[in-house]
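The values are calculated or read from the model by the stated rules, or taken from the named source; none is laboratory data. Remember, it's a predicted structure, so these values are computed and weren't measured experimentally. Glycine gets a Cβ as well: all are built from the backbone with ideal geometry, and neighbour counts include every protein chain shown.
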Amino acid sequence: MNENRATVYDAIGGRETVHQLVQAFYKRVGQHPDLIPIFPDDLTETARKQEQFLSQFLGGPPYYTEEHGHPMLRARHLPFEITPSRKDAWLACMQEALREVNIEEPYYSAILERLTHTAHHMMNTPEDRKGEST
Ligand code: HEM
């Protein structure tokens, strides 16, 4: 199918753009007070996996699945308390990163809409339960 239809991945500039996007994103994640507590100090490996994932999410090569199997993203996020405010923080970082690397319309809105949907799906902790141990 990709032989006949351009993918979002190709349209925005492929591997190099996804790399820049992920760098711009984790630069913000690593400075965001709501996100720092749940992310590792060294974001190198997190960024590498996100780059692999976003590649296939945007229609590019399935690097993530090749190395890690089915993404099962919600399950992989269950160890982390993802509250509505952390979901908003994640999306705000992504929105700024998309702008920083100059992703243009219609791709900017299309990508953000899909990521918003996925981010909603990742929430697993109500705001007032954050930090409870049981
Ligand atoms: C809703 C807010 C979100 C929060 C707070 C969040 C947080 C996290 C955290 C804490 C990790 C583990 C980092 C590590 O230990 O290296 C992680 C991993 C990951 N996240 Fe998210 N995430 C969110 C949404 C998303 C979304 C929307 C996507 C996909 C579009 C995504 C894709 C990934 C991937 C691919 C990994 C690596 C999984 C692995 O270990 O193989 N996340 N995320």
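Restrict the check to the range 101-113 and report whether at least one residue is part of a helix (DSSP H, G or I), surrounded by 11 or more Cβ atoms within 10 Å (Cβ to Cβ), of a type outside the set (S, T, N, Q) and near the ligand (Cβ under 8 Å from one of its atoms). Explain how you work it out, then say what you get.
Initial filter on the range 101-113 (part of a helix (DSSP H, G or I)): 107-113.
Next, from what is left, pick out any that are surrounded by 11 or more Cβ atoms within 10 Å (Cβ to Cβ): 107-112.
Within this subset, residues satisfying the condition of being of a type outside the set (S, T, N, Q) are 107-108, 110-112.
If we keep only those that are near the ligand (Cβ under 8 Å from one of its atoms) as well, we get none.
No, the range 101-113 contains no residue that is part of a helix (DSSP H, G or I), surrounded by 11 or more Cβ atoms within 10 Å (Cβ to Cβ), of a type outside the set (S, T, N, Q) and near the ligand (Cβ under 8 Å from one of its atoms).
Give the range 1-17 a look and list any residue that's among the aliphatic types (A, V, I, L, M) and surrounded by 15 or more Cβ atoms within 10 Å (Cβ to Cβ), or say none.
Step one: list which residues in the range 1-17 are among the aliphatic types (A, V, I, L, M), which gives 1, 6, 8, 11-12.
Val8, Ala11, Ile12, listed by residue number.
Scan the range 68-80 and report the pairs whose first residue is closer than 17 Å to Gln52 by Cα and at pLDDT 95 or above and whose second residue is outside any loop (DSSP other than H, G, I, E, B) and acidic (Asp, Glu), with Cβ atoms within less than 6 Å and a gap of 6+ or a chain change.
Hits for this filter: zero, empty list.
Looking only at the range 55-88, which residues are in a helix (DSSP H, G or I) and within 7 Å of the ligand (Cβ to nearest atom)?
Result: Phe57, Tyr64, His68, Leu73, Arg76, His77, Arg86, Lys87.
Please name all residue pairs, on different chains or six or more residues apart, with Cβ atoms under 6 Å, provided the first residue is in the range 88-106 and is under 24 Å from Asn124 (Cβ atoms) and without any contact (Cβ under 8 Å) to a residue 40 or more places away in the chain and the second residue is within 12 Å of the ligand (Cβ to nearest atom) and of a type in the set (A, V, I, L, M).
Leu91/Ala119
Among the residues of the range 94-105, is there at least one that is among the acidic types (Asp, Glu) and closer than 26 Å to Arg5 by Cβ?
Looking only at the range 94-105, we keep the residues that are among the acidic types (Asp, Glu), and these are 96, 100, 104-105.
After this cut, where a residue has to be closer than 26 Å to Arg5 by Cβ as well, the list is 104-105.
Yes, some residue in the range 94-105 is among the acidic types (Asp, Glu) and closer than 26 Å to Arg5 by Cβ.
Pull up the range 18-71, narrow it to residues that are over 16 Å from Glu100 (Cβ atoms) and among the acidic types (Asp, Glu), then point me to the one that is surrounded by the fewest Cβ atoms within 10 Å (Cβ to Cβ).
The initial filter retains those residues of the range 18-71 that are over 16 Å from Glu100 (Cβ atoms), namely 33-46, 48-49, 52-53, 55-71.
From the residues that got through so far, the ones that are among the acidic types (Asp, Glu) too are 34, 41-42, 45, 66-67.
Details: Asp34: 17, Asp41: 6, Asp42: 9, Glu45: 9, Glu66: 10, Glu67: 10.
Of everything passing the filter in the range 18-71, Asp41 is surrounded by the fewest Cβ atoms within 10 Å (Cβ to Cβ).
Give just the number: which of (1) within 9 Å of the ligand (Cβ to nearest atom); (2) modelled with pLDDT under 95 does Glu127 not satisfy?
Answer for Glu127: the failing condition is (1).
Would you mention how many residues in the range 5-59 are among the hydroxyl-bearing types (Ser, Thr, Tyr) and in contact with a Ser or Thr (Cβ under 6 Å, 6 or more places away or on another chain)?
Quick first cut of the range 5-59, residues among the hydroxyl-bearing types (Ser, Thr, Tyr) only: 7, 9, 17, 26, 44, 46, 55.
This time we only want the ones that are in contact with a Ser or Thr (Cβ under 6 Å, 6 or more places away or on another chain), so: none.
Within the range 5-59, residues that are among the hydroxyl-bearing types (Ser, Thr, Tyr) and in contact with a Ser or Thr (Cβ under 6 Å, 6 or more places away or on another chain) number 0.
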